[in-house]
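First the structure, in the form of structure tokens, and then the observations on it.
We did not get these values from a lab; they are worked out from the coordinates using the rules stated. As the structure is a computational prediction, the values presented were derived from the model and not from experiment. Every residue, glycine as well, gets a Cβ built from its backbone with ideal geometry; the counts of neighbours run over all protein chains shown.
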Amino acid sequence: MPHNWIILCDFDDTISIGDVTDRLLERFGQAGWDELETAWKLGEIGSLACLAGQVALLEASPAELDAAIAEIAIDPAFPAFVAAAAAAQISLTVVSDGLDYAIYAILARYGLDHLPVVANHLVPATERGWHLKFPHAKPLCRTGSGACKCAAGERLASLDGPRKILLIGDGSSDFCLADRADFVFAKHSLTAYCREHGIAHRVIPDFEHALAALPSLLKQPVPSPSTPVSF
């Protein structure tokens, strides 16, 4: 019988070591991609507009892109975490405002391509150009994300009856879902966000720590909003 928790996990700099989109842009991005990044960080544009513009500035053949993606590793403890979730009959979905093409390729290299993925859809536009589609965008998404994690969380938590959400993430694309999750394993700026907004969370620097914390979390009732908890 499925567990009453589900796990929604960010990809870039959470599962992956480093931000995949940033690494591809640093290598293949044409002039102007960093200006879009600055505009997004200043709140002048949402991440959907930022990503759409940046991906349009990628210039690489599929073979070049594949070779660059093949250099990107994941947290070494993530496969064991996936196995532990499966053993506990907890569904785990990757929810990312990144590039599905890269996510699928990286997960497949580690034998994890069975995991469902919610992300933006990268498709070829020309022999060396790329285009980004947004099948999971929502017009009223609070963060302006290409892939609305709140909408994904609402849909997935309602499957087979209501489920509690454990969010694992690291940054601003996770903020909205963190407000609605029952508990958060947080890295980087998501940690500060949870502290500032009284969201029940635990600081997880990597999946070795997440793996160690998971059994205790599942045995306890949903914590009330607080600073980091100990269990």
query: Nearest 0.05, what FRET efficiency do VAL123 and GLU26 give at R0 = 30 Å with Cβ-Cβ as r?
result: 0.90
Gain on full stretching of the segment that runs from SER189 to ARG155 - 0.36 nm per residue minus C-alpha separation: 9.7 nm
task: Along Cα→Cβ, 7 Å out, is where each label goes; now give me the distance between the ones at SER216 and ALA70 in nm to one decimal.
output: 4.2
query: What is the distance, in nm, between label points placed 7 Å from the Cα along the Cα-to-Cβ direction at ALA80 and at GLU59?
result: 4.5
task: In debye, nearest 20, what is the charge dipole magnitude of region 5-219 about its Cα centre with +1 on Lys and Arg Cβ and -1 on Asp and Glu Cβ, if you could check?
output: 840
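Within the set of other residues whose C-beta is less than 12 Å from the C-beta of THR143, count the net charge using Lys and Arg as +1 and Asp and Glu as -1.
Working: positive: LYS138, ARG142, LYS149; negative: ASP97, ASP174, ASP179.
Charge balance in the 12 Å sphere: 0.
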- prompt: What does the charge add up to near LEU36, with Lys and Arg as +1, Asp and Glu as -1, over the other residues with Cβ less than 13 Å from its Cβ?
  reply: -4
field: Distant-in-sequence amide H partners of ASP170 (H built 1.01 Å from N, under 5 Å)
entry: LYS187
task: Filter the cross-link list LYS149/LYS187; LYS149/LYS219; LYS41/LYS164 down to pairs whose alpha-carbon distance in this structure exceeds 21 Å.
output: LYS149/LYS219; LYS41/LYS164
- line: The extension gain from LEU42 to ARG180, computed as 0.36 nm times the residue separation minus the Cα-Cα distance, is 47.2 nm
- request: Show the residues, 5+ positions off or on another chain, whose built amide H is closer than 5 Å to the amide H of ARG142.
  value: none
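Which percent, to the nearest 5, of DSSP beta bridges fully inside the chain are antiparallel? Don't skip to the end; give the middle numbers.
Numbers: 7 of 26 bridges.
Around 25 percent of the beta bridges assigned by DSSP in the chain are antiparallel ones.
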query: Using the Cβ atoms and a cut-off under 15 Å, what net charge is assigned to the surroundings of ALA60, where Lys and Arg are +1 and Asp and Glu are -1?
result: -4
Residue-wise HN-Hα coupling along region 153-164, computed from phi with Karplus coefficients 6.51, -1.76, 1.60 (Hz; x: Gly, Pro): x, 4, 5, 5, 5, 8, 5, 6, x, x, 10, 7
- prompt: Label points 7 Å out from Cα along the Cβ direction at HIS131 and ALA49: separation in nm?
  reply: 2.1
field: Viscosity 1.002 mPa s, temperature 20 °C, Stokes-Einstein D of the chain from Kirkwood C-alpha radius, µm²/s
entry: 119
- prompt: Computed on alpha carbon atoms, what radius of gyration and Dmax characterise region 76-210, expressed in Å?
  reply: 15.4, 48
- line: At the level of C-alpha centres, the distance separating region 170-188 and region 85-108, in angstrom, is 16
